[in-house]
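Asks: Please find one structure pasted underneath; my questions will follow.
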Amino acid sequence: MTENKLSPAVIDELEAIVGEQYVLNSPEDLVAYSYDSTFTSARPNLVVLPGSTQEVSKVLEVANRELIPIVPRGMGTGLSAGSIPFGGGIVLPLTRMDRLLDIDLDNMMATAEAGIITSELADALARKGYFYPPDPSSDHYSTLGGNAACNAGGAHCLKYGITGHYVVALEVVLADGRIMRVGGKATKNVTGYDLVHLLIGSEGTLAIITEVTVRFITPPETERTAEAIFPKLADAGKAINAVLSSGAKPSMLEIMDETSIKSVEDYLHLGLPLDVEAILVIQTDGDEAEAVRGIEIVAEVCRQNGARDVRVAATPEESAEMWHARHSISGSLGRIRPNKLGEDITVPHSVIPRLITRIKEISARWNLPIVIFGHAGDGNLHPNILFDKRDPEEYERVEGAVGDLFRVAVELGGSLSGEHGVGVLKRPYLEMALGPVAVEMQKRIKQAWDPNNILNPGKIFV
Ligand SMILES: Cc1cc2nc3c(=O)[nH]c(=O)nc-3n(C[C@H](O)[C@H](O)[C@H](O)COP(=O)(O)OP(=O)(O)OC[C@H]3O[C@@H](n4cnc5c(N)ncnc54)[C@H](O)[C@@H]3O)c2cc1C
């Protein structure tokens, strides 16, 4: 982007819209908005923090007129470089727009501004006795708008579904500044195309999400958690399939491989076993009888499939400790190598054992540690490649390993991303995953919604 598009006159105009204090251009502010949770970065020319949908609309009118790239941003926890302004322009964080607007108990739906932190919405509903299931591990520091823009998942998604299954309506601002509402509270609606679900997962490339209406449900009466210890990773893979076809109906089924276990143990000293290749953390829920019967089946099936030990949490505190270990993996990996590339591939769960074997082969072929953990129950693994970005030779090997991971996922009937989105990092592999015709149709959709290519340009497609 050329600097003159953000002339002093344009900056004055933006300051008049949102207020002078909400237009940032000091070097330290620009650096702070240069990153997401990947290892990449690029500086914006300006950061503009709108406080209302009307302000977003006016900012977009200016940007569209001046052809200034707009990169929407929630909390910057994304793992595909989606909120990094590689072409410069304006980063537009929605974080000032964080109000919970309405809890409609009759329809069991809630409406919030896009910048609300997801766990704050879930906690507000829990205080009223309700349950908002989509629970990305980042739910305490990511936004509902960011979750909708990436179609975020989480551990509960195995039984309860992903963000897109809960969003019923959106308010968005289009590239030219027009405000549009799509969807609604009626349970059934096939009037025209389903624009809500076109926007879900669109990664800020089609419109800015300003308001989100989600449905919520009643919570399960109780939960039970088990930790199954497997000397052999391959046995853990087989146990996943056996549990899923056992009738136990787990609500969460997560895997930690030996490097994840060691990394968390070195960091938190929880007493995790260091002589095994995998731990499965599994939860069942429902009424008391259902949850207890479910976890008994889980324990039995894991033992039959090679678990050395299965521990069922006796108290909610023990259960929380088991989940604490799983949720601490990502953060603990920085202690092993300075950088990590967290992938997000999915496969049908029946081929998880084959996927795990193939990831191990890729790790050996490229001589790189690849940590395996994730939402094994729904076939969504997060192989994390650990490396040192300062070593160009090593980074070349990382790129080779990433290509192999994606090829294996597609070959096994899966996809490049289960929940983090394409962003920039998976862009080169889009055609391999979707085929040229589907990519062309997606590019035409982008062209129709954003003819000047100002909304998050360069994300998903070149
Ligand atoms: C430790 C850790 C654990 C994580 N665990 C999970 C997990 O379990 N499941 C999961 O799905 N993800 C997970 N993530 C990834 C990330 O938290 C999610 O992708 C999350 O949805 C991003 O929300 P955000 O508010 O941080 O958005 P950002 O990172 O700021 O943005 C993400 C993308 O959405 C776009 N965007 C953001 N807000 C809007 C908006 N209002 N309108 C239009 N576009 C917008 C951005 O342009 C960008 O393309 C994890 C990340 C970390 C760091």
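Asks: Give me the Debye-computed log₁₀ of I(q)/I(0) at q = 0.07, 0.10, 0.11, 0.12 Å⁻¹ for the chain, equal point scatterers on Cα only, no solvent, two decimals.
Replies: Result of the Debye calculation: -0.37, -0.75, -0.91, -1.07.
Asks: Between I336 and A289, with labels modelled 7 Å along Cα→Cβ, what's the label distance in nm to one decimal, could you check?
Replies: 4.5
Asks: Along each of the three principal axes of the Cα atoms of region 337-420, give the extent in whole Å, ordering the values from largest to smallest.
Replies: Taking the Cα atoms of region 337-420, the three principal extents are 37, 21, 16 Å.
Asks: Which one of A289, N367, V48 has its Cα pushed farthest toward the positive end of the charge dipole of the chain, where Lys and Arg give +1 and Asp and Glu give -1 at the Cβ?
Replies: Most positive-ward Cα: N367.
Asks: As an exercise, use a Förster radius of 30 Å and the Cβ-Cβ distance of S350 and N189 to find the FRET efficiency, rounded to the nearest 0.05.
Replies: E(calc), rounded to 0.05, equals 0.30.
Asks: Roughly how big is the chain's charge dipole about its Cα centre, with Cβ charges of +1 (Lys, Arg) and -1 (Asp, Glu), in debye to the nearest 20?
Replies: 1020
Asks: Nearest 500 deg cm²/dmol is fine: what mean residue ellipticity at 222 nm does the chain get from its DSSP H runs of n ≥ 4 alone, each adding -39,500 (n - 2.57), divided by its residue count?
Replies: When only DSSP H runs of four or more count, the value is -10500 deg cm²/dmol.
Asks: Right, here's the next one. What does the highest-first list of 402-408, 100-106, 111-117 look like by mean Cβ count within 10 Å?
Replies: With the highest mean Cβ count within 10 Å placed first, the list reads 111-117, 402-408, 100-106.
Asks: If you average the C-alpha positions of region 407-457 and of region 80-149 separately, how far apart do those two centres end up, in angstrom?
Replies: 24
Asks: Follow-up question, since we're still on this one. For the pair E393/N367, report the inter-label distance in nm, with labels modelled 7 Å from Cα in the Cβ direction.
Replies: 0.7
Asks: Please state the charge dipole magnitude for region 337-420, taken about the Cα centre, from unit charges on C-beta atoms (+1 on K and R, -1 on D and E), reported in debye and rounded to the nearest 20.
Replies: Value, rounded to 20: 200 debye.
Asks: Note down the Stokes-Einstein diffusion coefficient of region 36-109 in µm²/s, whole number, using a Kirkwood radius over alpha carbon pairs, 37 °C, and 0.692 mPa s.
Replies: For the chosen part, D equals 238 µm²/s.
Asks: Next question, about the same structure. What does the highest-first list of 250-257, 389-396, 166-173 look like by mean Cβ count within 10 Å?
Replies: Ranking, from highest mean packing down: 250-257, 166-173, 389-396.
Asks: Can I ask one more? To two decimal places, what compactness ratio does region 135-259 give when its Cα radius of gyration is scaled by 2.2 N^0.38 Å?
Replies: Rg over 2.2 N^0.38 Å, computed on Cα atoms: 1.34.
Asks: Can I ask one more? Based on the mean of other Cβ atoms within 10 Å per residue, sort peptides 59-67, 438-446, 329-337 so the most packed one is first.
Replies: Ranked from most to least packed, the peptides come out as 59-67, 329-337, 438-446.
Asks: State the volume of the convex hull built on the alpha-carbon positions of region 289-380, expressed per residue in Å³ and rounded to an integer.
Replies: 138
Every number in this text was worked out from the coordinates using simple rules, so none of it is lab data. Note that the structure is predicted; figures quoted are calculated from it, not measured. Ideal geometry is used to build each Cβ from the backbone, glycine not excepted, and the neighbour counts take in all protein chains shown.
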